[in-house]
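Working notes, beginning with the structure itself.
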Amino acid sequence: MTESLQKLYQRVILDHYKKPRNFEEPASFHRRSVGDNPLCGDQVTLYLSLDGERIEQATFQGHGCAICIASASMLTEAITGESVEHAQALFETFQQLVSPDAGELNPSVDLGDLKLFEGVRAYRTRIKCATLPWFALRAALNNQQETISTE
Amino acid sequence: MSIENATQVPSKVSVVSGFDITRIRADFPILAQEVHGKPLVYLDNAASAQTPQPVLDALIKFYQQDYSNIHRGVHVLSQRSTEAYEDARLKLQRHFNAEEVSEIIFVRGTTEAINLVAQTYGRSHIHKGDEILISAMEHHSNIVPWQMLCEQTGAVLRVIPMDDQGTLDMEEFDKLLSPKTKLVSVVHVSNALGTINPVKEIIKKAHSIDVPVLLDGAQACPHMKIDVQDLDCDFYTMSGHKLFGPTGIGTLYAKSKWLEALPPYHGGGDMIESVSFEKSVYAKAPHKFEAGTPNIAGTIGMGAAIDYLQSIGMEQIAAYEAELLDYATKALEQISGLRLIGTSPNKASVLSFVLDGIHPHDIGTILDQKGIAIRAGHHCAEPVMKRFGIPATARASLAFYNTHAEIDALVDGIETTIRLFQ
């Protein structure tokens with residue numbers, strides 16, 4: 001097993017893939033957005049319940065590879081209970097984290113376990129898998145109705 | 001077993017007589033490299049096959065010594081280029097045993113060949129209410145051109161179903177074939193499943209009620225001898241890059257009886273006898289269908305690839321691949337949690353599979369780290385994935401330069417993948 005593979009498929013990431021958290025379509029929600037990468041078949045639907053500027057609940061449904069599903073699962077955990085502003089800051093910092101040519105991460109944003117996705121950097125073709133749920137989040141926050149894609 | 005060991009294990013040696021795998025591999029310089037520090041194991045041949053040195057040499061010689069535009073040039077280079085280009089047509093004719101050299105039309109690839117037939121034969125012979133029969137295992141390139149034609153004409157697309165092994169349901173074909181059918185267009189070998197379809201039977205039945213048949217031969221011609229007269233197909237399509245030649249070049253074979261009757265495809269230079277502002281007179285086939293400066297170098301490269309295949313022999317290739325496929329199938333079947341998609345009794349060397357709880361893209365990434373190139377996805381055959389209720393498969397597709405040791409490496413890589421996800 002290469003070090004690079006172990007960095008990509010971290011234990012925590014595989015755990016979220018096998019047992020995705022917040023994996024449901026809620027009875028009611030305020031925002032819904034769909035991320036679809038038709039070429040590779042990753043598809044994520046994100047549901048947000050908002051309380052003013054606070055994200056009360058984030059859940060998702062979908063299917064895809066380990067990176068995409070784990071990213072969606074960990075996203076829902078990271079933003080539940082947080083402000084919209086913080087979720088947007090996480091979006092920006094996550095893009096930096098997985099982007100091969102990004103510089104220093106914004107030190108004021110604590111990514112927590114999301115930092116585990118740093119290994120994706122080395123796999124250019126897989127970055128779109130990790131970012132799909134995040135672009136779905138941005139679409140949901142912007143109340144954008146169209147399906148988004150990162151392909 | 002580690003991959004390093006796998007490639008050194010004195011693996012099963014081919015019993016196909018005279019098939020010297022070491023010599024053959026030496027003809028493909030790209031194979032002798034390491035990827036991520038591991039020997040490259042190239043198992044993505046159904047997407048694009050690698051190019052042997054004689055084809056590369058032919059391309060370099062052409063550009064270094066003979067290159068110019070073809071036809072109508074009076075100077076030496078143009079004559080040489082024209083000769084080399086038309087000589088490739090002769091090679092294709094002989095290789096596929098076409099009756100006439102004019103039945104070989106050069107196109108960009110299988111996709112363009114099918115579009116050409118749809119927009120020439122289709123637009124002139126298929127009308128509202130007519131039916132076009134395709135199969136449930138078509139590549140998108142043998143679905144979308146017909147859907148476009150149906151939108152243009154009001155014709156209807158009908159689909160021959162297949163069973164859970166990926167074998168066509170010929171009883172349903174018999175029911176679907178009717179006086180309304182104006183064309184049957186089926187894949188000879190499925191790119192996603194490997195199924196070899198009973199095309200001779202299809203052609204015989206279709207011809208019994210005067211329905212012409214197009215065969216998508218992109219995946220068939222790298223693996224077996226194709227004789228268009230023996231098949232009796234009306235149209236046969238192929239791509240050079242799947243036949244160990246360059247990209248952007250392919251062939252449409254069409255029976256003579258169609259070529260004169262069909263309207264041209266594209267208008268432009270080279271496809272005319274004469275042009276005035278009042279009227280243009282079209283050239284005869286094949287030039288009628290080859291408007292504009294063609295892919296001259298690609299054509300010559302494809303001709304060189306034919307020469308190379310002839311030097312090995314398609315029967316030898318088919319026999320070796322049958323043995324390799326059998327070895328690979330048995331090896332993959334041993335892996336717990338692996339399911340082969342496409343288990344028809346009559347198959348070419350394509351192994352599509354899924355692993356319990358592991359997405360094909362993750363399989364592809366992990367195998368790549370072990371130097372093994374496979375393809376993961378829907379393989380441009382979304383209806384096939386839907387039929388089997390899966391979003392994608394991992395696909396290892398073999399060529400005659402692959403070895404038993406490479407199959408061992410694949411098995412080892414799959415086992416590593418399964419362990420990683422445990």
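Tabulated results
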read-out: Estimated 222 nm signal from helices in chain A, with DSSP H stretches of n ≥ 4 weighted -39500 (n - 2.57), rounded to 500; value: -12000 deg cm²/dmol
read-out: Cβ-defined net charge surrounding A:Gln61, 11 Å radius [Lys, Arg +1; Asp, Glu -1]; value: -1
read-out: Folded to 0 to 90 degrees: helix B:314-333 orientation relative to chain B principal axis, Cα; value: 40
read-out: Segment A:1-43: trypsin sites (Lys or Arg not before Pro) falling in loop per DSSP and having at most 13 other Cβ within 10 Å; value: none
read-out: Estimated [θ] at 222 nm from DSSP helical runs (n ≥ 4, -39500 (n - 2.57)) normalised by residues in chain B, nearest 500; value: -11000 deg cm²/dmol
read-out: DSSP-defined antiparallel bridges as percent of all bridges, segment B:116-265, nearest 5; value: 30
read-out: Cα long-axis angle, helix B:360-369 against chain B (0 to 90 degrees, to the nearest 10); value: 70
read-out: Percent of beta bridges antiparallel (DSSP, the protein assembly as shown, rounded to nearest 5); value: 70
read-out: Label-point separation, A:Arg11 to B:Ile209 (7 Å along Cα→Cβ), nm; value: 6.5
read-out: 10 Å Cβ neighbours from other chains, averaged over peptide B:357-367; value: 6
read-out: Solitary cysteines of chain A, where the nearest other Cys Cβ is not under 4.7 Å; value: A:Cys40, A:Cys65
read-out: Additional length obtainable on full extension of the chain from B:Ile335 to B:Ala322, 0.36 nm per residue less Cα span; value: 2.6 nm
read-out: Segment B:235-327: trypsin sites (Lys or Arg not before Pro) falling in loop per DSSP and having at most 13 other Cβ within 10 Å; value: B:Lys279, B:Lys284
read-out: Beta bridges by DSSP in segment B:55-311, antiparallel share as percent, to the nearest 5; value: 50
read-out: Within-15-Å neighbourhood charge of B:Asn69 [Cβ basis; K, R +1; D, E -1]; value: -3
read-out: Principal-axis tilt of helix B:76-96 within chain B, Cα atoms, nearest 10 degrees; value: 70
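FYI, it's all coordinate maths here, none of it is from the lab. Note that the structure is a prediction, hence the values are computed from the model and not measured. In this analysis, Cβ positions are derived from the backbone assuming ideal geometry, glycine residues included, and neighbour counts consider all displayed protein chains.
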